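Student: Can you read through this structure? Questions will come right after.
The values are calculated or read from the model by the stated rules, or taken from the named source; none is laboratory data. Everything numeric here is computed off the predicted structure, so don't read it as measured data. In this analysis, Cβ positions are derived from the backbone assuming ideal geometry, glycine residues included, and neighbour counts consider all displayed protein chains. Protein only, heavy atoms only, side chains kept; ligands, DNA and RNA dropped before computing areas. Shrake-Rupley method; radii C 1.70, N 1.55, O 1.52, S 1.80 Å.
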Amino acid sequence: MIGQHYIVTGGTSGLGLEIVKQLLEKGVFVTVIARNESKFNDIDFGSYQSKVTMVHCDLQNREAIANITSTIKYPINGLIYSSGLGYFKSVTHHSTEEMIETYDVNLISFNLLYNVLRPYFSKNASIVSISSQAAFVTQANAAHYGASKAALNAVLNALRIEESQFHFMAVNPGPIKTPFHEKADPSLKYAQKYETVMIDPQQLAKDILIGIIKRKREINQPKWMHSLLKIYQLAPRTFEQWLTPLFKNKS
Ligand SMILES: NC(=O)c1ccc[n+]([C@@H]2O[C@H](COP(=O)([O-])OP(=O)(O)OC[C@H]3O[C@@H](n4cnc5c(N)ncnc54)[C@H](OP(=O)(O)O)[C@@H]3O)[C@@H](O)[C@H]2O)c1
């Protein structure tokens with residue numbers, strides 16, 4: 001990957017930030033697309049500082065996305081779309097703004113950004129979207145989050161067939177130890193309950209870089225969760241009826 005150029009969204013926090021750091025360690029030039037300039041400026045990239053730049057863009061601003069290529073260097077060898085959010089609350093408790101923000105940032109803006117960056121992708125570029133195991137299961141209090149991630153996977157899977165000149169990889173993690181939870185559930189009840197099984201973002205970032213190098217199509221972690229969800233998918237409505245409390249663990 002030495003000397004390549006990657007674009008990373010969500011690179012100011014959590015998993016995205018870990019990915020940026022590890023790309024830099026591999027000798028990659030990184031452009032972080034972020035909405036919060038001071039947050040980016042506060043990050044210490046040490047000796048890699050000159051290899052990372054930030055392009056300002058709020059991923060809810062469609063005009064800013066449409067105009068982004070004027071400020072981005074090309075060619076682009078990869079896009080890692082790690083920006084995302086969710087609100088762990090019932091469908092009726094989501095405000096209109098929260099619902100739209102969830103679909104905008106998790107789904108629509110991936111599509112918009114992909115379309116504007118596409119002409120600048122190198123041959124065989126890697127496009128990675130950070131989705132979630134929530135894409136595979138019905139969950140009370142995470143309906144819009146799960147729906148946005150299921151749709152994101154559907155789009156990526158179709159792109160893999162439509163645009164076979166590129167490498168597409170969907171990353172579907174269970175809970176990760178990141179600031180995501182402070183917004184999803186400010187009471188931190190969910191984060192505290194699942195702290196012991198949370199994925200280490202540093203290790204996941206490492207696995208993602210290996211996945212890019214090996215041209216994997218999917219990363220599903222933790223493996224036990226993905227296997228259980230495969231069984232669940234054999235009779236989802238029945239399991240939801242029999243084991244209802246398990247599908248309400250985000251309340
Ligand atoms: N943490 C988990 O348990 C978990 C589990 C499964 C999947 N995921 C997925 O993993 C990905 C990374 O999340 P994370 O855990 O690293 O969360 P995080 O620490 O909260 O990071 C989310 C990133 O998205 C950026 N972002 C949000 N809204 C944006 C907007 N409108 N414009 C530009 N950037 C925006 C944030 O920027 P600001 O710093 O400016 O807010 C931040 O850099 C997300 O797609 C998430 O859905 C997370």
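Student: Using the beta-carbon distance between Arg62 and Leu234 and R0 = 41 Å, what value does 1/(1 + (r/R0)^6) give for FRET efficiency, to the nearest 0.05?
Tutor: The value I calculate is 0.55.
Student: Further question on the same structure: Kindly sort Val91, Val137 by accessible area of their heavy atoms, largest first, with the probe set to 1.4 Å.
Tutor: Largest to smallest exposure gives the sequence Val91, Val137.
Student: Only Cα pairs within less than 10 Å get springs; with that Gaussian network setup on the chain, which residue of Lys21, Lys206, Lys149 has the largest fluctuation?
Tutor: Of Lys21, Lys206, Lys149, the Gaussian network model singles out Lys206 as fluctuating most.
Student: In a Gaussian network model over the chain where Cα atoms closer than 10 Å are linked, find which of Ser83, Ser132, Ser227 has the largest mean-square fluctuation.
Tutor: It is Ser227.
Student: Residue separation times 0.36 nm, minus the C-alpha to C-alpha distance between Tyr120 and Leu246: what's the value?
Tutor: Between Tyr120 and Leu246, full extension yields 40.9 nm more.
Student: Taking all protein chains as present, what is the carbon and sulfur share of the accessible area of the stretch 5-248, in % to the nearest whole number, probe 1.4 Å? Show your work: numbers first, answer last.
Tutor: Numbers: 6580 of 12030 Å².
In the stretch 5-248, the share of accessible area belonging to carbon and sulfur is 55 percent.
Student: Another one. Which order do peptides 5-17, 118-130, 185-197 fall in by mean Cβ count within 10 Å, highest first?
Tutor: Ranked by mean Cβ neighbours within 10 Å, highest first: 5-17, 118-130, 185-197.
Student: Within the chain, which whole H helices from DSSP have a Cα span along their axis of at least 20 Å and a mean Kyte-Doolittle hydropathy of -0.5 or more, if any?
Tutor: For the chain, where a helix must reach 20 Å along its axis and average at least -0.5, the hits are 143-162.
Student: Kindly flag which residue pairs out of Lys149/Lys223; Lys51/Lys250; Lys39/Lys214; Lys73/Lys223; Lys26/Lys89; Lys21/Lys250 have an alpha-carbon separation exceeding 29 Å in this structure.
Tutor: Lys51/Lys250; Lys39/Lys214; Lys73/Lys223; Lys26/Lys89; Lys21/Lys250
Student: Using just the Cα positions, wrap the stretch 5-248 in a convex hull and report its mean projected area in square nanometres, one decimal place.
Tutor: Its Cα hull, projected and averaged over all orientations, spans 13.4 nm².
Student: Using Cα springs under 10 Å in a Gaussian network model of the chain, which residue among Gln202, Gln49, Gln22 shows the largest mean-square fluctuation?
Tutor: With Cα springs under 10 Å in the chain, the top fluctuation among Gln202, Gln49, Gln22 is at Gln49.
Student: Within 10 Å, count the other beta carbons around each residue, average over each peptide in 108-115, 209-216, and list them highest first.
Tutor: Listed from highest to lowest mean packing, they are 108-115, 209-216.
Student: Sum -39500 (n - 2.57) across every DSSP H segment of at least 4 residues in the chain, then divide by the residue count to get the 222 nm mean residue ellipticity, nearest 500.
Tutor: It lands at -11000 deg cm²/dmol.
Student: Would you tell me the accessible area of Met1, worked out with a 1.4 angstrom probe on the heavy atoms of the protein chains, in Å² to the nearest 10?
Tutor: 50
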